[in-house]
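Engineer: First the structure, which I've put down as structure tokens, then a few questions once you've had a look.
The values are calculated or read from the model by the stated rules, or taken from the named source; none is laboratory data. Bear in mind that the values here come from a model prediction, so they are computed numbers and not experimental data. A quick note on method: Cβ atoms are made from the backbone with ideal geometry, for glycine too, and the neighbour counts reach across all protein chains shown.
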Amino acid sequence: MNHTAATTRRRLILGAGAALGGLAAPAVLRAQSFPSRPIRYICPWPAGGSTDAVIRALAESAAKILGQTIIVDNKGGAGGMLGANELVNAKPDGYTLSQLPHGVFRIPHMQKVQFDTLKDFTWIACLTGYTFGFVVPADSPIKSVKDLVAFAKANPGKFTYGSTGVGTSPHLAVEEFAQKAGIQLNHIPFKGNADNMQAVLGGHVMGASDATGWGPHVDAGKLRLLATYGSKRTKRWSSVPTLDELGYQTVSDSPFGVCGPKGMDPAVTRTLHDAFKKTLEDPAVMATFDKFDQTVIYMNTETYTRFARDSFASEKALIDKLGLAGKG
């Protein structure tokens, strides 16, 4: 009798343990089976631009590591904010990802947006960052930043330049430079790099501020690069000065990577982080970075989350300084 009672008690304990284990099992199983279907990676810029090329290289490499297709979905316009808008409504299951450009730290201070930058996203991994620069057509009489400043002082508001949208890094860097130089330029926003390059090559604008989608056109002698915006000169165009060294105290680079909706399972976030981190060892990815003069700027989930918080605060200070803060 005692033996039977002890056996029954042991079975009850084992059964209770199994039941408790079963509560944790779904999350573990979800992470182990992730990904079991294609992942969508939103590129919030039109196809054919530099960001599109970089994101496609990352997606292709990460897909091999994860053993699952990653579909790049272009959603251009609204200064690169359309990916952020989609993440707000996406399930936090790891199957909807997006690039979140630097504008998500800045544009909310300028106008109403559909998301809360600090609450609505999972900052999975930062991978790289842009090189920005200012270009003019090769036949332009403007041959240097000094020429541009002289022309703008003589003709306030007459010099037109394109960017990838209101509030984007290429726009804000030029506005900061213009304020330091005491000049007024005429800003024309475009949906993305491809449109902006068409406009400057076609003579529809007098100059363009953009990431290195202008690189092939500079190398082919169709565009002239006046300055880059990094803290130091680029390897590829080492003879071209930075705005900072020219005395305009303007430095702009925009680290980016892969982000998801808020509330993601930490195990799924880790799986994605590890896969995308490994893409930085892929020669095909590095070749694409080199093509657009982008460097590896790696941050893990924790560091990238902290970077987002710090950037949101520093961008507010810049927007206030430039007098571009929205009325809410």
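Engineer: Val166: at pLDDT below 95, more than 15 Å from the chain's Cα centre (by Cα) and either among the basic types (Lys, Arg) or under 30 Å from Cys259 (Cβ atoms) (or both), yes or no?
Structural biologist: Against the criterion (at pLDDT below 95, more than 15 Å from the chain's Cα centre (by Cα) and either among the basic types (Lys, Arg) or under 30 Å from Cys259 (Cβ atoms) (or both)), Val166 qualifies.
Engineer: With respect to Thr305, is the statement that it is touching a strand residue (DSSP E or B) at 6+ places or on another chain (Cβ under 7 Å) and not assigned by TED's automatic domain parsing to the domain that holds Glu60 true? If you could, list the steps in order and put the result at the bottom.
Structural biologist: Details: touching a strand residue (DSSP E or B) at 6+ places or on another chain (Cβ under 7 Å): yes; not assigned by TED's automatic domain parsing to the domain that holds Glu60: no.
So Thr305 fails the test.
Engineer: Being over 17 Å from the mean Cα position of the chain (by Cα), under 26 Å from Ala62 (Cβ atoms) and crowded, with 19+ Cβ neighbours inside 10 Å is the filter here, so list the residues in the stretch 226-270 that pass it.
Structural biologist: Within the stretch 226-270, Met264, Val268, Thr269 meet the criteria.
Engineer: Considering only the stretch 305-324, I want to know if a residue exists there that is part of a helix (DSSP H, G or I) and farther than 30 Å from Lys180 by Cβ.
Structural biologist: yes
Engineer: Which count do you get for residues in the stretch 130-146 that are buried (at least 21 other Cβ atoms within 10 Å of the Cβ) and not in a loop (DSSP other than H, G, I, E, B)?
Structural biologist: Of the residues in the stretch 130-146, 5 are buried (at least 21 other Cβ atoms within 10 Å of the Cβ) and not in a loop (DSSP other than H, G, I, E, B).
Engineer: Has the stretch 147-158 got any residue that is touching a Leu at 6+ places or on another chain (Cβ under 7 Å), outside any loop (DSSP other than H, G, I, E, B) and closer than 20 Å to Glu302 by Cα?
Structural biologist: no
Engineer: Quick one: is Val200 crowded, with 19+ Cβ neighbours inside 10 Å, outside the structural domain of Asp52 (by TED's automatic domain parsing) and under 26 Å from the mean Cα position of the chain (by Cα)?
Structural biologist: yes
Engineer: Pairs needed: first member in the stretch 230-246, modelled with pLDDT under 95; second member anywhere, surrounded by 16 or more Cβ atoms within 10 Å (Cβ to Cβ) and hydroxyl-bearing (Ser, Thr, Tyr); C-beta distance under 7 Å; at least 6 residues apart or different chains.
Structural biologist: Between residues of the stretch 230-246 that are modelled with pLDDT under 95 and residues that are surrounded by 16 or more Cβ atoms within 10 Å (Cβ to Cβ) and hydroxyl-bearing (Ser, Thr, Tyr), the close pairs are Gly230/Thr131; Gly230/Thr242; Lys232/Thr242; Arg233/Thr242; Thr234/Thr131; Thr234/Thr228.
Engineer: Would you pick out the residues in the stretch 291-312 that are closer than 17 Å to Ser252 by Cβ and either without any contact (Cβ under 8 Å) to a residue 24 or more places away in the chain or of a type in the set (D, E, K, R) (or both)?
Structural biologist: Hits for the stretch 291-312 are Asp293, Asp310.
Engineer: Given the structure, is Gln99 modelled with pLDDT of 95 or more and surrounded by 20 or more Cβ atoms within 10 Å (Cβ to Cβ)?
Structural biologist: Criteria met by Gln99.
Engineer: Taking the options Ala208, Ala227, Ala173, name whichever one is small (Gly, Ala, Ser) and assigned to a helix (DSSP H, G or I).
Structural biologist: Details: Ala208 fails: assigned to a helix (DSSP H, G or I); Ala227 fails: assigned to a helix (DSSP H, G or I).
None of the others qualify; the one that does is Ala173.
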